[in-house]
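All remarks here apply to the structure that follows.
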């Protein structure tokens, strides 16, 4: 299976979940569960699932190049700063050895 077929499978799954979320919202209003506890739960869960899978659909479309990416102007980009030279770690002296807090432990 190629990468394009895998992306199309993911898009199909996202669209099915989106359709189920919309049908859950429609069912909520058709059965007049609007502001009951059950209705609020159905509304919130449908909106949550729909939003999550809509974001995932957007990410897949952007990754596949179906949505064009915005390019910033070339002149607006500042040159990248040069990385700093790595510093050598200072050598440990004998006085910096870990000291035990409990009496009788250690050397």
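The values are calculated or read from the model by the stated rules, or taken from the named source; none is laboratory data. Computed from a predicted structure; not experimentally measured. All Cβ positions, even for glycine, are placed from backbone atoms using ideal geometry, and neighbour counts span all protein chains on display.
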Evaluation of residue 81 against (1) part of a helix (DSSP H, G or I); (2) at pLDDT 70 or above (one fails), failing number: (1)
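When residues of the stretch 50-78 are filtered for being within 30 Å of residue 12 (Cβ to Cβ) and either in a loop (DSSP other than H, G, I, E, B) or at pLDDT below 85 (or both), how many remain? I'd like the intermediate steps shown before the answer.
So in the stretch 50-78, the residues within 30 Å of residue 12 (Cβ to Cβ) come out as 50-70.
Retained after the next criterion (residues that are either in a loop (DSSP other than H, G, I, E, B) or at pLDDT below 85 (or both)): 65-70.
Looking only at that region, the number is 6.
Is it true that some residue in the stretch 31-45 is under 19 Å from residue 15 (Cβ atoms) and in a helix (DSSP H, G or I)? Break it down into steps so the answer makes sense when it comes.
Pass one, the stretch 31-45, residues under 19 Å from residue 15 (Cβ atoms): 45.
Narrowing the set further to residues that are in a helix (DSSP H, G or I) leaves 45.
Checked against the condition, which is being under 19 Å from residue 15 (Cβ atoms) and in a helix (DSSP H, G or I), the stretch 31-45 yields at least one hit.
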Enumeration of residues in the stretch 23-40 that are at pLDDT below 95, out of contact with any helix residue (DSSP H, G or I) (no Cβ under 6 Å at 6 or more places or on another chain) and under 27 Å from residue 59 (Cα atoms): 26
